[in-house]
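Below is one structure; the comments refer to it alone.
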Amino acid sequence: MILATFTSILPELKPYLRSKLKNLQLEISNKPLDLDKVNPDTEILGVFVDSKVDMAVFEKLPKLKLIVTCSTGYDHIDLQVAKKRKVVVCNVPTYGENTVAQHALTLMLALSRKLFESVKRVKEGVYDYHGLVGFDLKGKTIGIVGTGHIGIHVIDMLQGFEARIIAHDPCATKELAKTHNFELVSWSTLLKESDIISLHVPLCDDTHYMINKSTIKKMKQGVYIINTARGGLVDAQALVEGLESGKVAGAGLDVLEQEAYLMHTQKITSKTSATEIETSLMENILIDHPHTIVTPHNAFNSVEALRRIMDTSIENVKMFLEAETKNQIILKNNF
Ligand code: NAI
């Protein structure tokens, strides 16, 4: 019987997974992949973004044929090695457009009304609104970076706020902009004119640190930055400096570049690079900063989205077993 190992599966979803993949031998864990514990006979591996699938994993699992990531993003998987080893990698391309968009909006709204400080204050017994002045979204310019599945949902959800919505995406068309009622602008215009910038692009060489010292310099004074895409899009040091100088008024972050250390799926060892340690330190400063809200890569995490993720992942496995791969990630350029 084929052995399939699934990691990071919520206990309540385990019976469902078992009922749908009866013809496989299943080892299911609610924790990220642990190389010391994983069964080396694994042929099908199910992972989430909290498991890094690198050379060490491929070496440990010589029989591996399929990796199913229960996520949209797949930058945690070394696709070059997978290709070399002829291991098929499949993802869940569209489980949570509305779910992630809702979280981006949650961060935006929470920042706009100082929600975190307000709630904290009241829970500490201080029922006083002084010092909690927020701002309206009405009349503001909101810049959406990436008008794919999630970005376009954010745009649609924002329509009721009477804000000006601008967006940048090299693949977006004028028709898309017309249908969804936004202005398609250049990257430099988006940086210059946005009061709030929300990121919805994948992480790749082109987008790594797209928010950096130089791009922050071009932004409006008092800009807000929302990132529910990937931590590596933002240079944490540049963001800390932007917040300290007041150029950036606030940031809502669901993702951090070195979040694996915070999730304890990666440990700081003598092999950890100085850059990784520096970034981790900066990200801890971001977590503690009074003008940020940081959530623990939680944007995908709704009852409905989890069920959709599970269903597509099961379908990915079933199709692979029938020799008809679905949602396969094909390595091209830097992706
Ligand atoms: P998508 O592939 O549908 O859309 C991405 C868009 O970004 C595409 O339209 C593409 O043309 C555009 N793009 C690429 N490079 C760009 C650049 N330099 N400037 C502007 N636009 C650019 O992806 P989708 O579904 O909208 O997801 C976006 C990202 O959100 C994913 O790659 C993933 O990393 C992240 N994500 C985060 C989750 C969370 O829980 N925080 C959950 C799901 C996705």
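The values are calculated or read from the model by the stated rules, or taken from the named source; none is laboratory data. Computed from a prediction, not measured in an experiment: that's the story for all the values here. FYI the Cβ positions are ideal-geometry reconstructions off the backbone, even for glycines, and counts take in every protein chain you see. Remember, those area values only see protein heavy atoms, side chains included, never the ligands or the DNA or RNA. Shrake-Rupley method; radii C 1.70, N 1.55, O 1.52, S 1.80 Å.
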| Counting only residues that are part of a loop (DSSP other than H, G, I, E, B) and among the β-branched types (Val, Ile, Thr), which one in segment 309-335 is nearest to the ligand (Cβ to nearest atom)? | Ile329
| query | Hey, does segment 111-121 have a residue that's buried (at least 21 other Cβ atoms within 10 Å of the Cβ) and within 16 Å of the ligand (Cβ to nearest atom)? | reply | no
| remark: Residue hits (segment 51-107; part of a helix (DSSP H, G or I) and within 16 Å of the ligand (Cβ to nearest atom)) are Leu79, Glu97, Asn98, Thr99, Val100, Ala101, Gln102, His103, Ala104, Leu105, Thr106, Leu107
| message | Of everything in segment 286-328, what is aliphatic (A, V, I, L, M) and within 19 Å of the chain's Cα centre (by Cα)? Give them in sequence order. | response | Leu286, Ile287, Ile293, Val294, Ala299, Val303, Ala305, Leu306, Ile309, Met310
| task | Can you tell me which residue within segment 244-254, out of those that are open to solvent by 10 Å² or more (accessible area, probe 1.4 Å) and touching a residue at least 12 places away in the same chain (Cβ under 8 Å), is farthest from the ligand (Cβ to nearest atom)? | result | Gly246
| Tally time: how many residues in segment 3-43 are in a strand (DSSP E or B) and either touching a residue at least 40 places away in the same chain (Cβ under 8 Å) or within 16 Å of the ligand (Cβ to nearest atom) (or both)? | 4
| query | Restricted to segment 279-308, and to residues that are of a type in the set (A, V, I, L, M, F, W, C) and within 16 Å of Ile9 (Cβ to Cβ), which residue is surrounded by the most Cβ atoms within 10 Å (Cβ to Cβ)? | reply | Phe300
| said: Go through (1) more than 21 Å from Thr292 (Cβ to Cβ); (2) surrounded by 12 or more Cβ atoms within 10 Å (Cβ to Cβ) for Gln80 and report which single condition fails. | reply: (2)
| query | Counting only residues that are open to solvent by less than 50 Å² (accessible area, probe 1.4 Å) and touching a residue at least 40 places away in the same chain (Cβ under 8 Å), how many does segment 186-202 have? | reply | 10
| task | Looking only at segment 153-202, count how many residues are modelled with pLDDT of 95 or more and either among the β-branched types (Val, Ile, Thr) or not in a helix (DSSP H, G or I) (or both). | result | 31
| request: Out of Asp169, Asp156, Asp128, report the one residue that is open to solvent by 60 Å² or more (accessible area, probe 1.4 Å), under 24 Å from Pro202 (Cβ atoms) and not assigned by TED's automatic domain parsing to the domain that holds Thr72. | output: Asp156
| Quick check, is Thr147 touching a Ser or Thr at 6+ places or on another chain (Cβ under 8 Å), buried (at least 20 other Cβ atoms within 10 Å of the Cβ), not aromatic (Phe, Trp, Tyr) and not in a helix (DSSP H, G or I)? | no
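Select, from Ala249, Ala274, the only residue that is at pLDDT 95 or above, small (Gly, Ala, Ser) and outside the structural domain of Val88 (by TED's automatic domain parsing).
Values: Ala274 fails: at pLDDT 95 or above.
After applying the criteria, what remains is Ala249.
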| message | Return the residues of segment 166-193 that are within 13 Å of the ligand (Cβ to nearest atom) and not hydrophobic (A, V, I, L, M, F, W, C); say none if nothing qualifies. | response | His168, Asp169, Pro170, Thr173, His180, Ser186, Ser188, Thr189
| request: Report, by residue number, each residue of segment 52-62 that is of a type in the set (Val, Ile, Thr) and surrounded by fewer than 15 Cβ atoms within 10 Å (Cβ to Cβ). | output: none
| task | Check whether at least one residue in segment 44-51 is open to solvent by 40 Å² or more (accessible area, probe 1.4 Å) and either in contact (Cβ under 8 Å) with a residue 12 or more places away in the chain or not assigned by TED's automatic domain parsing to the domain that holds Ser71 (or both), and report yes or no. | result | no
